[in-house]
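Reviewing the structure listed below.
The values are calculated or read from the model by the stated rules, or taken from the named source; none is laboratory data. These figures come from a predicted structure and were not determined experimentally. For neighbour counting, all protein chains shown are included, and Cβ atoms are generated from backbone atoms with ideal geometry for every residue, glycine included.
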Amino acid sequence: MPVIRLNHAVLYVRVLARSVAFYRDLLGFRAVAMTPDGFAAAFMQAPGSTNDHDLGLFEIGAGAGPTTAGRSTVGLYHLAWEVDTLTELSRLAGLLASAGALVGASDHGTTKALYAKDPDGIEFEVSWLVPAHLIDDAALAARKRIGPLDIEREIGRYGADTRGGVGVSVPAGA
């Protein structure tokens with residue numbers, strides 16, 4: 001199965017309008033017109049995406065219980081979306097923190113990651129990947145531990161507008 005990318009994810013949410021507003025207002029997703037008749041659902045596309053849609057949201061009602069995946073049941077831990085620059089990662093850190101959605105920020109050596117939760121407590125990651133030509137022994141060694149993320153330090157090290165993931169998740173020359 002030669003996967004080339006994740007096409008979309010589908011989430012069950014309590015209140016559709018609240019979830020649409022969250023993904024639209026904080027992460028810049030836009031609604032696309034393709035909801036099948038008879039469903040309380042929304043399909044959304046991430047900025048810059050060429051996918052038909054990146055996120056499907058299906059409402060199951062305000063009385064639905066919280067996810068217990070990873071605590072008492074199996075299930076998806078989180079989705080991870082990649083951004084192009086540390087400037088964008090920093091901008092999103094501020095937005096997510098202001099909204100009370102940011103729950104963590106980690107340095108995984110070759111990946112710089114924010115962790116946040118949507119209004120239903122569904123966790124997601126937003127990350128920037130060190131481009132292949134900048135991965136050094138220190139970055140590789142740091143992959144064996146999870147440390148706190150200092151975005152300003154990483155900007156000083158890699159540059160605010162260095163395109164992330166090149167040669168890793170994005171083909172070189174693309």
Any helices (runs of 4 or more DSSP H) falling wholly within segment 59-174 and containing at least 1 residues that are among the aromatic types (Phe, Trp, Tyr): 151-158
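Okay, residues lined up against (1) at pLDDT 95 or above; (2) touching a Pro at 6+ places or on another chain (Cβ under 7 Å); (3) surrounded by 14 or more Cβ atoms within 10 Å (Cβ to Cβ); (4) in the same structural domain as Ile122 (by TED's automatic domain parsing):
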position: Phe39; (1), (2), (3), (4): no, no, no, no
position: Pro47; (1), (2), (3), (4): no, no, no, no
position: Thr67; (1), (2), (3), (4): no, no, yes, no
position: Thr73; (1), (2), (3), (4): no, no, no, no
position: Leu92; (1), (2), (3), (4): yes, no, yes, yes
Subset of segment 145-174 (residues that are farther than 14 Å from Lys112 by Cβ and polar (S, T, N, Q)): none
Members of segment 15-37 that are small (Gly, Ala, Ser) and either surrounded by 17 or more Cβ atoms within 10 Å (Cβ to Cβ) or part of a loop (DSSP other than H, G, I, E, B) (or both): Ser19, Gly28, Ala33
Qualifying residue in segment 18-33 (condition: in contact with a Pro (Cβ under 6 Å, 6 or more places away or on another chain), among the charged types (D, E, K, R) and either more than 27 Å from Leu129 (Cα to Cα) or modelled with pLDDT of 95 or more (or both)): yes
Subset of segment 42-83 (residues that are in contact (Cβ under 8 Å) with a residue 12 or more places away in the chain and β-branched (Val, Ile, Thr)): Ile60, Thr67, Val83
